[in-house]
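Below: the structure, in structure tokens.
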Amino acid sequence: MDQNPPVTGIRALAKNLMLERATNLLGPQALEVWRVMRLLVTHGSLAGLPGAVLHAAVNFNQFPEASEIIREKALDYERNSGTRQR
């Protein structure tokens with residue numbers, strides 16, 4: 001039995017939508033979302049974070065491919081802009 005069956009239906013639509021949204025993020029946006037995604041994974045404090053960024057991070061966390069796009073964009077932006085990790 002295939003352990004990774006093809007994604008179909010509503011899940012496939014959601015995945016494609018999240019991939020498109022991740023691709024359309026600008027570097028600073030990707031960095032902001034990626035930082036919140038890391039806080040979610042490490043159970044860091046979410047106090048004071050913008051609701052829209054938190055909501056986006058929660059949604060992107062459900063789609064590994066979209067999360068990877070965000071991570072790559074965030075790291076590229078961080079590297080190219082001299083922005084340091086908090």
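Observations on the structure shown:
- Scoring G82 on the criteria (1) surrounded by fewer than 12 Cβ atoms within 10 Å (Cβ to Cβ); (2) modelled with pLDDT of 95 or more leaves a single failure, condition (2).
- Scanning the range 42-86 for residues that are assigned to a helix (DSSP H, G or I) and small (G, A, S) returns G51, A52, A56, A57, A66, S67, A74, S81.
The values are calculated or read from the model by the stated rules, or taken from the named source; none is laboratory data. What you see is a predicted model, and the numbers here were worked out from it, not measured in a lab. Cβ: placed from backbone, ideal geometry, glycine included. Neighbour counts: every protein chain shown.
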